[in-house]
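The values are calculated or read from the model by the stated rules, or taken from the named source; none is laboratory data. No experiment lies behind these values; they were computed from the predicted model shown. We place every Cβ from the backbone using ideal geometry, glycine too, and count neighbours over all the protein chains shown. For the accessible areas, the whole protein counts, side chains as well, though only heavy atoms, and no ligand, DNA or RNA atoms are used. Shrake-Rupley method; radii C 1.70, N 1.55, O 1.52, S 1.80 Å.
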Amino acid sequence: MGLLQGLKAGWTFFKELRTIEKKAQAAKERWQNTTAQEAAALSDEELWECVTARLDDDALATPGAKRTLYTAYLFDLEVQNGGLCQFFDNCPESAPYLEDALTALGAEPYLTLLHETLTKFEINLAGLDGSEVSQVVQCGDQCESCPLSAFDSAYCDLYSKTPLEALCIRYARAHLQELF
C-alpha cells in the first residue's frame, strides 16, 4: 500500500469513527432523561439502546443493576467483536465482576462456559491484567491461533440459542427503578 492510499484509508477510518461517536452521543442525549415509567413502555430494542446509552465506566464503582448490565454489555460486545481475549485486553477493570453479572442475569450456560475456560487456562478474574492473560494463553495478534477461540465458538453457539442481550433486557426490565 502506498503512502497516499494509507493516508486515504486512515482518513476514511477517522470519518467512520467520528460517525460512530456522533451516533453514540445522540443516543445518550436522546435517552438521558428517560424515567422508569417511560422505560417500561419501550420495546426491548429501545430499552436496551436506552440502558446502554446511559451506562459508562462509573457503573463499575457501585454494586447493583448498573454494574451488572455494564459488565455484561462490555463482555458481550468485546467477545462478539474480537473474542474473549479481546475482552480481557480491553476491559480488565470489569472482569472481576463478570461472574456475579452472569449469575445475576441467570446466564448459567455462559457462566459454565466461562468457568471451564478460566479453569483450563488458570485465569483469575480478580485483579486481571489483560496483557497477562495474553501471555498465559499466548494469543498474540493472531486471533485464529488464540487458544481461547474455542470459547469464542462455543459462545456464538450459545448466543444463537439464548442471546445474552435478551437476558440483559429481561434483567433491566426487572430493575427499572434502580436503573432510572
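Considering only residues of the stretch 122-155 that are assigned to a helix (DSSP H, G or I) and open to solvent by 80 Å² or more (accessible area, probe 1.4 Å), which is modelled with the lowest pLDDT?
As a first pass, look at the stretch 122-155 and keep what is assigned to a helix (DSSP H, G or I): 130-137, 143-145, 149-155.
From what's left, open to solvent by 80 Å² or more (accessible area, probe 1.4 Å): 132, 135-136, 143-144.
Details: E132: 58, Q135: 56, V136: 55, C143: 50, E144: 55.
Checked the stretch 122-155; the qualifying residue modelled with the lowest pLDDT is C143.
For the stretch 20-70, give me each residue that is outside any helix (DSSP H, G or I) and of a type outside the set (D, E). Walk me through it before giving the result.
Residues of the stretch 20-70 that are outside any helix (DSSP H, G or I), as a first pass: 32-35, 41-43, 55-56, 62-64.
Matches in the stretch 20-70: Q32, N33, T34, T35, A41, L42, S43, L55, T62, P63, G64.
Any chance you could count how many residues in the stretch 58-69 are open to solvent by 20 Å² or more (accessible area, probe 1.4 Å) and free of Cβ contacts under 8 Å to residues at least 60 places away in the same chain?
Summing the residues that are open to solvent by 20 Å² or more (accessible area, probe 1.4 Å) and free of Cβ contacts under 8 Å to residues at least 60 places away in the same chain in the stretch 58-69 gives 5.
So F75 fits all but one of (1) of a type outside the set (S, T, N, Q); (2) open to solvent by 20 Å² or more (accessible area, probe 1.4 Å); (3) closer than 13 Å to C168 by Cα; what number is the exception?
Among (1) of a type outside the set (S, T, N, Q); (2) open to solvent by 20 Å² or more (accessible area, probe 1.4 Å); (3) closer than 13 Å to C168 by Cα, the lone unmet condition for F75 is (2).
Does P92 satisfy the condition of being of a type outside the set (D, E), surrounded by fewer than 19 Cβ atoms within 10 Å (Cβ to Cβ) and assigned to a helix (DSSP H, G or I)?
No; evaluated as a whole, the condition is false for this residue.
Please verify whether N81 is at pLDDT below 95, exposed (fewer than 12 other Cβ atoms within 10 Å of the Cβ) and under 17 Å from the mean Cα position of the chain (by Cα), treating the condition exactly as stated. Give the steps one after another, and end with the answer.
Numbers: at pLDDT below 95: yes; exposed (fewer than 12 other Cβ atoms within 10 Å of the Cβ): yes; under 17 Å from the mean Cα position of the chain (by Cα): yes.
Yes.
Can you report the number of residues in the stretch 87-111 which are at pLDDT below 95 and acidic (D, E)? Even if it seems obvious, please write down each step before you answer.
At the first step, the residues of the stretch 87-111 found to be at pLDDT below 95 are 87-96.
Then keep just the ones that are acidic (D, E); that gives 89, 93.
Looking only at that region, the number is 2.
Okay, residues lined up against (1) open to solvent by 70 Å² or more (accessible area, probe 1.4 Å); (2) among the β-branched types (V, I, T); (3) over 19 Å from Y73 (Cβ atoms); (4) modelled with pLDDT of 90 or more:
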{"position": "M1", "(1), (2), (3), (4)": "yes, no, yes, no"}
{"position": "G6", "(1), (2), (3), (4)": "no, no, yes, no"}
{"position": "A9", "(1), (2), (3), (4)": "no, no, yes, no"}
{"position": "Q25", "(1), (2), (3), (4)": "yes, no, no, no"}
{"position": "E38", "(1), (2), (3), (4)": "yes, no, yes, yes"}
{"position": "L47", "(1), (2), (3), (4)": "no, no, no, yes"}
{"position": "C50", "(1), (2), (3), (4)": "no, no, no, yes"}
{"position": "A53", "(1), (2), (3), (4)": "no, no, no, yes"}
